[in-house]
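See below for the structure under consideration.
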Amino acid sequence: MGTSKQFPTPSGGPWTPLKNDISAYLDGDKKVTPNTVVGGTLRALGGLNVAPPGRATANAARGPGGTGAGRHGGGGGGGGGGARATGRGSVGRAASGLGGFGAAVREGGLDAGLLALGLDELRGRPPAEVIDRIADHLAEGADPTQYDLLYDALKTSILEAAALGAQSGFQDLDAALRGFLDRHGVEGLVQSYLSNYVYGRVWMAVENHVEMKTNGGPSGQAMSIAVGNACRSHVGDLIREIKDAGRFEKVDWFGREGARLGNELVSELEGRLKAQ
C-alpha cells in the first residue's frame, strides 16, 4: 500500500495484545495465525472503515484513520452520488459501482461500462488512463485516507482482471475485461476489489510495527503475503456463499438493490473478520 508507512501502529488498548500476537507470529509461535492478526487488527480499528478527519483527530490514539493525504478526495462518484461518503458506506458504494461497471462491460463491452459510469469521454484513451480514471471516479467522495485505500483497491482489481483476461498483452482492455468477466463473472471483480481493500486496510495499520520488528527483512514480507492470503480466503468464502444463494443474479448494481448488496457484503465481511 502506498499510504501504509505514513502511519505508526497505535499503542495501548486493543493494540497491545495485537502487537504481542504479531511479535509471537514473527517468532514462530504456531498458535498465532494470519487470521489472528487480521481479526485482532479489525477489532482494534473498529472495522473496515476509516474515520473521517474529525473523529480521527479526536480518537488519534485508537487507530490510523482519516488524516492522510489523498489524491483528490472530493466530489461525487461511483455510479451516482454527490454526497460525501465515509466509512463502511463508501466501501460498499465502491463495490456497487464496480459491480455496475462490470455488468455493463459484460453485456456491452468497455464503451458500455464507461457510459454506465458517465465516463464515455474516455473511449479510445490508453488503458492505463482509463483504469486510473475509473478507480478515481468510484473512490470519489471519500475522505483522503479512505479515498487512497479505495482507489488502490479498485485500480488493482481492474488491473488484475485485465491481466488475467488478456490473451496477448494488455493493450486491448475491452477484450481482456470481457475475458475475465466471462470466466469469473461480476462477482469475481467485486471479490478482487474487496480482497485488496481488506488487505490494504489491515496492512496499513500494522506494517509499521512489522517493519520495526523485522528491520524490513524477509520475515516481514512473508507475513504480508500470509495476511493477504488470509484476507483473500475470507472474501472468497463470502462471495461463493452469496453466489450460491443466487444473490448476484440480475442485480441492478446502480439501483437500491445494488447499493444494499454492496453494503451487506461489507457488513458481513467485517463481522466475520472481527470474529477471528
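The numbers here are math on the coordinates, done by the rules we state, and not lab data. Just so you know, these numbers come straight off a predicted model, no measurement behind them. Here the Cβ is made from the backbone with ideal geometry for all residues, glycine too, and neighbour counts use every protein chain on show.
Here are some notes:
- 17 Å Cα-Cα reach of K30 towards aspartates and glutamates, excluding residues that sit fewer than 8 places from it in its own chain: D21
- Taking amide H as placed 1.01 Å from N in the peptide plane, the amide H of T9 sits under 5 Å from that of N208, H209, each at least 5 places away or on another chain.
- Here's the picture: charge each Lys and Arg Cβ at +1 and each Asp and Glu Cβ at -1 in segment 145-276, and of Q191, T145, A222 the one pushed furthest to the positive end of that dipole is A222.
- Over segment 142-233, the hull volume per residue, using the convex hull of the C-alpha atoms, is 120 Å³.
- Point-charge dipole on Cβ atoms (K/R +1, D/E -1) for segment 171-276, about Cα centre, debye to 20: 220
- Distance between segment 191-213 and segment 244-276 - C-alpha centres, whole angstrom: 22
- Across segment 213-262 the C-alpha pair distances fall into 10 Å bins from zero in the proportions 22, 30, 21, 16, 11 percent.
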